[in-house]
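Beneath this line is the structure, given in structure tokens, with notes to follow.
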Amino acid sequence: MRKIELHTYITPDGRTEFPDYPGSEETEMNPGPAFTDKCARHYDSIGTIIPGRSACEDRQSFWSRAKHRDTEPGFYLDFRRYLDRSQKKVLSRSLMHVDWHESRIMKRGLSEAVGLPKTEPGKNIATGGGSMLAGAFIQRGLFDKYFLKQQTLKLVESRAFKSGELFLHYATVREKNINEMNCRIARGMEGGNS
Amino acid sequence: MTRKIIVNLYMTLDGYADFPKYPGSDIQTDEPDEAFVDMWINNYDSVDTIIYGRRMFEVHTNFHSEAARKPTDPKFLFEFSRWLDRNQKIVLSHYMTKTDRQNTRFMKGDLTEIVSALKQEPGKDIIVDGGPSVAQEFIQRGLADEYWLLVFPVILGRGKQYWGTMLNQQTLELLSIKKLEYGELVLHYRTVR
């Protein structure tokens, strides 16, 4: 079953930032466990990414294959390849054109993007994006009645890294007796091509 | 050693101060869970003062004073009540001045001044079990030396937030992390100054 995954970087108070702290500046030639858990081990299972406009521009300017330098750590190139080959569904009302192959602009926004897994076969879909996009996804997942309740999670995995970062992997626990609207969205979120 | 200020936070993954229901949240046992051990029992010898907001003080008095205990309550809760009763309780309140509860003091005014006054008094470490607005005040003013967070596996979407806006970031050192049986996390941080 195709899944939508939220991959996000946050501070404990829930802000999407990359702050400075002891250990945050270290660049290593090999991927640390944080990078491995967060990115590298998902290369095979993710086929589509949904960035917002600014995340797309940031990533392209830093990570597209064309920016490769010979002096950089080897695992950078793997990440570049992964981003390049992934289908990029860019959420933007203002962008006219993205000069990055496998890119498509979704002008109708989140509803168009969330409709994707039902209609198209493929691997899992990841969204990172900034706090606006992540927040919109979370709210859509909880849509309507669901949002007035709460979203219950299952902690699948947790790990702490050397410099004090935490890696948390949660799965959404879905309730059975939710209304029809929510069922439809839940199935849409989880794919199901039958 | 100056007295440490330890702030206890009970929150959902999205930072709301609440005790939500989730699979496992209702299960009562005769033994304390690891969060209770970490946040309270392990501090019985090193802490002698608890800071409350007015509402949390009333909740704690109604539920956790020894007089309020039911005979069916597990033994560790009786011990908890006796420990709370004999500790000094500081209640931050603008208007409340009296209580029947023993060892209780009311304080009002500027929180930074209250904390620095308390730190100059002789005594052991201090736990802040204040409720969301009091906790937020401690966070924003950078008054906490340590944080214990119990994070429930729930995105709640609304309620009272612990986290507020600050001008400068606070850098933390992760001292420990525990994953509990039903997916709760117990996080222990120290403030890096």
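Of the residues that make up the stretch B:179-191, is at least one free of Cβ contacts under 8 Å to residues at least 24 places away in the same chain, within 11 Å of another protein chain (Cβ to nearest Cβ) and of a type outside the set (Asp, Glu)?
Taking the stretch B:179-191 and keeping what is free of Cβ contacts under 8 Å to residues at least 24 places away in the same chain, we get B:179.
Still in the list and also within 11 Å of another protein chain (Cβ to nearest Cβ): B:179.
Now drop any that are not of a type outside the set (Asp, Glu), which leaves B:179.
Yes, the stretch B:179-191 contains at least one residue that is free of Cβ contacts under 8 Å to residues at least 24 places away in the same chain, within 11 Å of another protein chain (Cβ to nearest Cβ) and of a type outside the set (Asp, Glu).
Among the residues of the stretch A:51-72, is any within 14 Å of chain B (Cβ to nearest Cβ) and either under 30 Å from B:Gln170 (Cα atoms) or of a type in the set (S, T, N, Q) (or both)? Explain how you work it out, then say what you get.
If we filter the stretch A:51-72 for residues that are within 14 Å of chain B (Cβ to nearest Cβ), which is where we start, we get none.
Scanning the stretch A:51-72, I find no residue that is within 14 Å of chain B (Cβ to nearest Cβ) and either under 30 Å from B:Gln170 (Cα atoms) or of a type in the set (S, T, N, Q) (or both), so the answer is no.
Taking the stretch A:26-62 as the range and being assigned to a loop (DSSP other than H, G, I, E, B) and in contact with a strand residue (DSSP E or B) (Cβ under 9 Å, 6 or more places away or on another chain) as the test, the residues that pass are A:Ser45, A:Ile50, A:Pro51.
Of A:Thr119, A:Thr127, A:Thr48, all but one fail to be at pLDDT below 85 and crowded, with 19+ Cβ neighbours inside 10 Å; the exception is A:Thr127. Residue-level analysis places B:Asp110 among those that are more than 30 Å from A:Leu166 (Cα to Cα), acidic (Asp, Glu), without any contact (Cβ under 8 Å) to a residue 24 or more places away in the chain and surrounded by fewer than 15 Cβ atoms within 10 Å (Cβ to Cβ). Here the strands (runs of 3 or more DSSP E) wholly within the stretch B:1-112 that include at least 3 residues being among the aliphatic types (A, V, I, L, M) and either farther than 30 Å from A:Gly14 by Cβ or in contact with a Phe, Trp or Tyr (Cβ under 6 Å, 6 or more places away or on another chain) (or both) are B:5-12.
State which residue is nearest to A:Thr152 (Cα to Cα) when the search covers only the stretch B:142-158 and only residues that are touching a Ser or Thr at 6+ places or on another chain (Cβ under 8 Å) and either within 8 Å of another protein chain (Cβ to nearest Cβ) or loosely packed, with under 15 Cβ neighbours inside 10 Å (or both). Steps first, answer last, please.
To start, the set of residues in the stretch B:142-158 that are touching a Ser or Thr at 6+ places or on another chain (Cβ under 8 Å) comprises B:142-147, B:151-156.
Still in the list and also either within 8 Å of another protein chain (Cβ to nearest Cβ) or loosely packed, with under 15 Cβ neighbours inside 10 Å (or both): B:142, B:153-156.
Numbers: B:Gly142: 31, B:Pro153: 6, B:Val154: 4, B:Ile155: 6, B:Leu156: 8 Å.
Here the answer is B:Val154.
Is it true that some residue in the stretch B:115-137 is touching a residue at least 60 places away in the same chain (Cβ under 8 Å), more than 13 Å from chain A (Cβ to nearest Cβ), at negative phi and polar (S, T, N, Q)? Yes, the stretch B:115-137 contains a residue that is touching a residue at least 60 places away in the same chain (Cβ under 8 Å), more than 13 Å from chain A (Cβ to nearest Cβ), at negative phi and polar (S, T, N, Q). For the stretch B:159-178, taking the residues that are within 10 Å of chain A (Cβ to nearest Cβ), in contact with a strand residue (DSSP E or B) (Cβ under 7 Å, 6 or more places away or on another chain) and outside any strand (DSSP E or B), the one that is surrounded by the fewest Cβ atoms within 10 Å (Cβ to Cβ) is identified as B:Gly159. What about A:Arg41, is it surrounded by 14 or more Cβ atoms within 10 Å (Cβ to Cβ), closer than 26 Å to A:Lys88 by Cβ and of a type in the set (D, E, K, R)? Taking the combined requirement at face value, the residue does not satisfy it.
Taken together, A:Arg15, A:Arg93 contain a single residue that is within 14 Å of another protein chain (Cβ to nearest Cβ), part of a loop (DSSP other than H, G, I, E, B) and touching a helix residue (DSSP H, G or I) at 6+ places or on another chain (Cβ under 9 Å), which is A:Arg15.
The values are calculated or read from the model by the stated rules, or taken from the named source; none is laboratory data. On a predicted model such as this, the values are computed, not experimentally measured, just so you know. Reconstructed Cβ throughout: ideal geometry from the backbone, glycine too, with neighbour counts over all protein chains shown.
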